[in-house]
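The values are calculated or read from the model by the stated rules, or taken from the named source; none is laboratory data. Values in this document were obtained by computation on a predicted structure and should not be read as measured data. In this analysis, Cβ positions are derived from the backbone assuming ideal geometry, glycine residues included, and neighbour counts consider all displayed protein chains. Side chains are part of the model used for accessible areas, which takes the heavy atoms of the whole protein and leaves out ligands, DNA and RNA. Shrake-Rupley method; radii C 1.70, N 1.55, O 1.52, S 1.80 Å.
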Amino acid sequence: QVQLVESGGGLVQAGGSLRLSCAASGNIFSINTMGWYRQAPGKQRELVARISSSGNTNNADSVKGRFTISRDNAKNTVYLQMNSLKPEDTARYSCYALMYGVNYWGEGTLVTVSS
């Protein structure tokens, strides 16, 4: 069994920064891609950023230049540094880890950006 636990969410003013972390534990052999999705109330879930095991990244256009994804393979942890936050970034952020064709998910952490 694999568990993913996110941390780092909270309330921040517009223009501020937050850093999310997601640590995977359990029966882990080799994690392929890790990443972050978010879902705001009344909106569809969207991919925010993802990173391969070799460090290649993809970011959503809405966060390019503001968010940076990184990972520590030794710790099975993925990070999301979020700068210049906007009220429209308010959402529940969930991390995932792809292993052997299966996506494992965390429960998510809430990010609220006030104007």
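Odds and ends about this structure:
- Förster radius 30 Å - calculated FRET efficiency between Leu47 and Ala74 (Cβ-Cβ, nearest 0.05): 0.75
- Rounded percent of accessible protein surface that carbon and sulfur make up, the chain, 1.4 Å probe: 44 percent
- Heavy-atom surface of the chain, accessible at 1.4 Å and reported per residue (Å²): 54 Å²
- Leu98 paired with Arg66, simple spin-label distance in nm, labels 7 Å along Cα-to-beta-carbon: 2.6 nm
- Over all other residues within a Cβ to Cβ distance under 12 Å of Val78, the charged ones net out to +2, with Lys and Arg as +1 and Asp and Glu as -1.
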